[in-house]
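Inspection log for the structure reproduced underneath, given as structure tokens.
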Amino acid sequence: MGMQSWAKNLKLAGKFGWGLGLIGALFIATLLLQYRTLSETQAKYEKLLSSDEVMKAKAMDIESSMLQARRSEKDFLLRKDWAYVDKVKAACGRVLAQAEEWSRIERQAGHLDDLKDAEGVIQDIKKYQDAFLAVAEAWRQKGLNQDVGLRGKFRDAAHALERQINQNADLMVDYLMLRRHEKDYIIRGDKKYVNEADETLAQLRGAITEMTGKEGEKQSLLLLLGQYAKSFHALVAGDGRIEDVIGKMRTAVHKIEPVVQKSVTSLKSTAEKAEKIAAGDLTVHITHLSEKDQLVACPHPLPAAAAAETG
């Protein structure tokens, strides 16, 4: 009986030892799996960090160049200096180059949502540049100063009419009223002054037509008045074109700015968090811009303890 009991106890001890050994092996395997999973997770974040840093730099360059374009745009509209047109073109060229590179990076990474943003910037910067150049051209046609373009032609027509009317005091009151409406329109841009100028033009034309005994002077005055009216309405039409293309330009730039701001803010935040994780802080939570960046697609699921650490 003693030998049998001892043998039985020995078998139980062996089984118990094997069980402990198996538990220990499983524990070690679990630790190794956790270490491997966390290492893979950190490696993925380091890769994400590298990509985010590049895209953040692109987005910030786009933001900076866009601000330069807008500043030069405003300087042109304020000073009417063509040098600012070249500055806007150069800044838009930088935005386009950075956006195209950004698009290439996003396409390679498979970030479809971010690719859509990058492609949107490319299309909108082209629209903005085209619209701005249309504004600049419209201003060039109108006249970057009072001596050229439609402004120069109108000024010459007004002065020619004034020199002729100065020889006829009966027409001076209507002429001065006409010039008053003209200046009110130029200062305020209100179309009601165009209508008032047209009414005064009609009165002045009627007064000239009723002149007697001065057929040559009458025909000369009517010709000069017609040239004045034509050049004045050409100036008004030029203002309308400028207003139209400025509206298109603002629509384009207002599409770019929110996209750039969103991208810069999101990529800055993601890059900062990725830096912390790359340094070993796995308590950080990142909301990714694209599904492809989700690290839950790791080939090995996180153990419960590791999952709890990473949130």
Any residue at all in segment 137-158 that's over 28 Å from residue 84 (Cβ atoms) and surrounded by 15 or more Cβ atoms within 10 Å (Cβ to Cβ)?
yes
Quickly run through segment 159-171 and pick out the residues that are under 52 Å from the mean Cα position of the chain (by Cα) and loosely packed, with under 13 Cβ neighbours inside 10 Å.
159, 163
If residue 174 satisfies all but one of (1) of a type in the set (Asp, Glu); (2) in contact (Cβ under 8 Å) with a residue 12 or more places away in the chain; (3) assigned to a loop (DSSP other than H, G, I, E, B), what's the number of the condition it fails?
(3)
For residue 133, state whether it is modelled with pLDDT of 90 or more and either outside any helix (DSSP H, G or I) or within 14 Å of the chain's Cα centre (by Cα) (or both).
no
Name, by its number, the condition in (1) part of a helix (DSSP H, G or I); (2) under 50 Å from the mean Cα position of the chain (by Cα); (3) not aromatic (Phe, Trp, Tyr) that does not hold for residue 190.
(1)
Answer residue from segment 105-117, given it is within 17 Å of the chain's Cα centre (by Cα) and free of Cβ contacts under 8 Å to residues at least 60 places away in the same chain and is surrounded by the fewest Cβ atoms within 10 Å (Cβ to Cβ) among those:
116
Would you mind stating whether residue 180 is assigned to a helix (DSSP H, G or I) and surrounded by fewer than 16 Cβ atoms within 10 Å (Cβ to Cβ)?
yes
Counted residues, segment 158-176 - those being under 15 Å from residue 197 (Cα atoms) and small (Gly, Ala, Ser):
1
Find the residue count for segment 118-144, including only residues that are touching a residue at least 40 places away in the same chain (Cβ under 8 Å) and more than 18 Å from residue 256 (Cβ to Cβ).
7
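The values are calculated or read from the model by the stated rules, or taken from the named source; none is laboratory data. Note that the coordinates shown come from a computational prediction; the quantities given were computed from them, not determined experimentally. Cβ: placed from backbone, ideal geometry, glycine included. Neighbour counts: every protein chain shown.
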